[in-house]
1. If you go through the stretch 148-179 one residue at a time, how many are in a loop (DSSP other than H, G, I, E, B) and either surrounded by fewer than 24 Cβ atoms within 10 Å (Cβ to Cβ) or outside the structural domain of Q284 (by TED's automatic domain parsing) (or both)?
2. Could you say which residue among A346, A334 is among the small types (G, A, S) and either surrounded by 18 or more Cβ atoms within 10 Å (Cβ to Cβ) or in the same structural domain as E70 (by TED's automatic domain parsing) (or both)?
3. Just checking, how many residues over the stretch 314-330 are part of a loop (DSSP other than H, G, I, E, B) and either buried (at least 17 other Cβ atoms within 10 Å of the Cβ) or in contact with a helix residue (DSSP H, G or I) (Cβ under 7 Å, 6 or more places away or on another chain) (or both)?
4. R139 passes all but one of (1) in a loop (DSSP other than H, G, I, E, B); (2) away from the ligand (no atom under 16 Å from the Cβ); (3) touching a residue at least 40 places away in the same chain (Cβ under 8 Å); (4) not small (G, A, S); which number fails?
5. Counting only residues that are acidic (D, E) and touching a residue at least 40 places away in the same chain (Cβ under 8 Å), which one in the stretch 237-261 is nearest to the ligand (Cβ to nearest atom)?
6. On the basis of being over 18 Å from D145 (Cα atoms) and either surrounded by fewer than 16 Cβ atoms within 10 Å (Cβ to Cβ) or without any contact (Cβ under 8 Å) to a residue 60 or more places away in the chain (or both), does A300 make the cut?
7. Among residues belonging to the stretch 180-218 that are assigned to a loop (DSSP other than H, G, I, E, B) and of a type in the set (A, V, I, L, M, F, W, C), point out the one that is nearest to I241 (Cα to Cα).
8. Which one is farthest from the ligand (Cβ to nearest atom) among residues in the stretch 262-285 that are part of a loop (DSSP other than H, G, I, E, B) and farther than 21 Å from S151 by Cα?
Amino acid sequence: MKRVIFKFAVIISILSLVFAVSACESEKEQAVAPGHSTSSQKVKQADGEKIKVGFTMDTLVEERWLRDRELFRDAVRALGADVEILAANGDDVLQIAHAESLISQGVDVLVVVPHNAEATATIVKKAHMAGIKVMAYDRLVKNADIDMYVSFDNEQVGELQAEAITQLVPKGRYVYIGGAITDNNAHLFKKGVFNVLQPYIDSGDITVVFDQWTKDWTPANAKENMRAALKANNNQIDAVICANDATAGGVIEALAEQGMAGKIPVSGQDAELAGVQRIVEGTQTMTVYKPLKELTQTAAKIAVQMAKGETVAINRKVNNGKIEVPSVLLPPIAVDRSNMDETIIADGFHSREDVYKK
Ligand code: GAL
């Protein structure tokens, strides 16, 4: 009897050991063969023909997207592959038509920056029917069997913004100027901001007196929202959390109309030149720098691996409402006057002359 119990105990401990190992495996970087089965996938055989990457972008309006386009193009070419890039100027129908054209050209992998997170799900379906894998770049495609997602940790972006502003204004009346409601990132930024604000709100120290999405991320819409916030609150505002530098620019114009620019803290994102110059002059408090060289090189490397049907190393899985998408998320960096030199300037993202206008 004792022998039976002893054997049983040994078996139990071995099993629990196995489970422990597999559990810690999930935290570490994982290697996956992204997406749906390779049997139906068009794998670029070593026939000497260059891999072709298709890249459909929402817009080139914000400064960063022009940089994404150039850097991604260079990174793909540096890997010996070709790339075709189309930008849809915020038009969902045009973006889908662009994707269809790239698919019919027989690209080996499709990379998408969605204008509308939901509307672009149809692009994934069309690509998979042609055996082409799809990567969501920077912004997630919702409710689709997307194969890969490469971006920054966008919730952390919002947390960095709120941490910087609450350090300066731990008590007071806040305005939140969000991004475009069609952009999944705007929801992640906002979630991050309220992760930090909620305890202050619960304690009654902070009141969010105005909270609005900004249609298509335009500075003009952000300016209108801020004018409405100031009017509705009789200019009794202590801080503004803006989702990016473009919207912060519109907000600061509205504050300037009331003689309040530089008097209350304002956050941003993207380290646009105008944004970092406002930080130097003191009308904007901070921005969130996202090293685009790293993003584009990571995305290009993974896109080519996907085209070859190779296994890809990921560091996260992100739920898009349908599946846990294999993902690589990079860390964003909070930047204000105190660390401008060792981040944005050190990386050559902007020159010292441009930032300090000297
Ligand atoms: C977001 C992006 C931001 C910002 C914005 C406006 O999706 O992550 O960097 O630029 O779009 O285009």
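1. Quick first cut of the stretch 148-179, residues in a loop (DSSP other than H, G, I, E, B) only: 153, 169-171, 178-179.
From what is left, the residues that are either surrounded by fewer than 24 Cβ atoms within 10 Å (Cβ to Cβ) or outside the structural domain of Q284 (by TED's automatic domain parsing) (or both) are 153, 169-171.
Within the stretch 148-179, residues that are in a loop (DSSP other than H, G, I, E, B) and either surrounded by fewer than 24 Cβ atoms within 10 Å (Cβ to Cβ) or outside the structural domain of Q284 (by TED's automatic domain parsing) (or both) number 4.
2. Details: A346 fails: either surrounded by 18 or more Cβ atoms within 10 Å (Cβ to Cβ) or in the same structural domain as E70 (by TED's automatic domain parsing) (or both).
Being among the small types (G, A, S) and either surrounded by 18 or more Cβ atoms within 10 Å (Cβ to Cβ) or in the same structural domain as E70 (by TED's automatic domain parsing) (or both) holds for just one of A346, A334, which is A334.
3. Kept after step one, since they are part of a loop (DSSP other than H, G, I, E, B), are these residues of the stretch 314-330: 315, 320-323.
Checking which are either buried (at least 17 other Cβ atoms within 10 Å of the Cβ) or in contact with a helix residue (DSSP H, G or I) (Cβ under 7 Å, 6 or more places away or on another chain) (or both) leaves us with 320.
Qualifying residue count for the region: 1.
4. All conditions pass for R139, except number (2).
5. Initially, the stretch 237-261 is screened for residues acidic (D, E), giving 238, 245, 253, 257.
Subset that is touching a residue at least 40 places away in the same chain (Cβ under 8 Å): 238, 245.
On the way: D238: 25, D245: 8 Å.
This residue is D245.
6. Working: over 18 Å from D145 (Cα atoms): yes; either surrounded by fewer than 16 Cβ atoms within 10 Å (Cβ to Cβ) or without any contact (Cβ under 8 Å) to a residue 60 or more places away in the chain (or both): no.
Considered against the rule, which asks whether it is over 18 Å from D145 (Cα atoms) and either surrounded by fewer than 16 Cβ atoms within 10 Å (Cβ to Cβ) or without any contact (Cβ under 8 Å) to a residue 60 or more places away in the chain (or both), A300 comes out as no.
7. Residues of the stretch 180-218 that are assigned to a loop (DSSP other than H, G, I, E, B), as a first pass: 180-183, 203-205, 213-214, 218.
The next check asks that each one be of a type in the set (A, V, I, L, M, F, W, C); those that pass are 180-181, 213.
On the way: A180: 15, I181: 16, W213: 12 Å.
Residue satisfying both the conditions and the ranking: W213.
8. Filtering the stretch 262-285 for residues part of a loop (DSSP other than H, G, I, E, B) gives 262-265, 267-272, 282-285.
Pick out the ones that are also farther than 21 Å from S151 by Cα and you get 262-265, 282-285.
On the way: G262: 24, K263: 26, I264: 22, P265: 20, G282: 23, T283: 20, Q284: 15, T285: 18 Å.
Among those that are part of a loop (DSSP other than H, G, I, E, B) and farther than 21 Å from S151 by Cα, it is K263.
The values are calculated or read from the model by the stated rules, or taken from the named source; none is laboratory data. Predicted, not measured: the structure shown is a model, and the values here were computed from it. When we count neighbours, we look across all protein chains shown, and the Cβ atoms used for this are built from the backbone with ideal geometry, even at glycine.
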